[in-house]
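What follows is a short report on a single structure.
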Amino acid sequence: PQQRMKGRMATIDELMVLPHWRRKGVGRALLERAIERARALAVKRLLLTAEPAHQDAVAFITKLGFADTQARVLRLEASLKRS
């Protein structure tokens with residue numbers, strides 16, 4: 001749940017398709033299934049993170065209706081690991 005939106009928000013952190021499976025509908029099928037699931041869960045916003053350097057991936061994702069927000073996602077990992 002996300003308070004500001006007064007509803008659920010979902011994120012797809014990574015979507016990868018092996019090179020020999022690309023351009024065969026696999027990525028589209030995965031995203032369409034994720035969108036269907038988000039609708040079933042009454043998600044108000046679905047985010048998908050993509051590296052701006054992967055222009056082909058960004059073009060593919062926007063072609064499926066996702067808007068490029070130019071947002072950056074920052075993360076903290078190393079200092080969260082226990083010694």
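The values are calculated or read from the model by the stated rules, or taken from the named source; none is laboratory data. Note that the structure is a prediction, hence the values are computed from the model and not measured. Ligands, DNA and RNA are stripped out before the accessible areas are found, and what is left, the full protein with its side chains, is counted by its heavy atoms. Shrake-Rupley method; radii C 1.70, N 1.55, O 1.52, S 1.80 Å.
Counting alpha carbon pairs within less than 8 Å and at least 6 residues apart, what relative contact order, in whole percent, applies to the chain? Please report the intermediate quantities before stating the final value.
On the way: 50 pairs, mean separation 26.0, N = 83.
RCO, the chain: 31 percent.
Per the 1.4 Å probe, what fraction of the accessible area of the chain, in percent, lies on carbon and sulfur atoms? Present the calculation step by step, with values, prior to reporting the outcome.
Working: 4010 of 7610 Å².
On the chain, the fraction of accessible area on carbon and sulfur atoms equals 53 percent.
Indicate the gyration tensor shape class of the chain (rounded, prolate or oblate), computed on the Cα atoms with a ≥ b ≥ c the square roots of the eigenvalues: a/c under 1.5 is rounded; otherwise a/b larger than b/c is prolate and the rest oblate.
oblate
Averaged per residue, what accessible surface does the chain expose to a 1.4 Å probe, in Å²?
Numbers: 7610 Å² over 83 residues.
For the chain, the solvent-accessible area averages 92 Å² per residue.
Mind running the shape call on segment 10-52? Use the C-alpha gyration tensor, a ≥ b ≥ c as the square roots of the eigenvalues: rounded below 1.5 for a/c, prolate if a/b tops b/c, oblate otherwise.
Values: a/c = 3.59, a/b = 1.60, b/c = 2.24.
Judged from the Cα gyration tensor, segment 10-52 comes out oblate (a/c at least 1.5, b/c at or above a/b).
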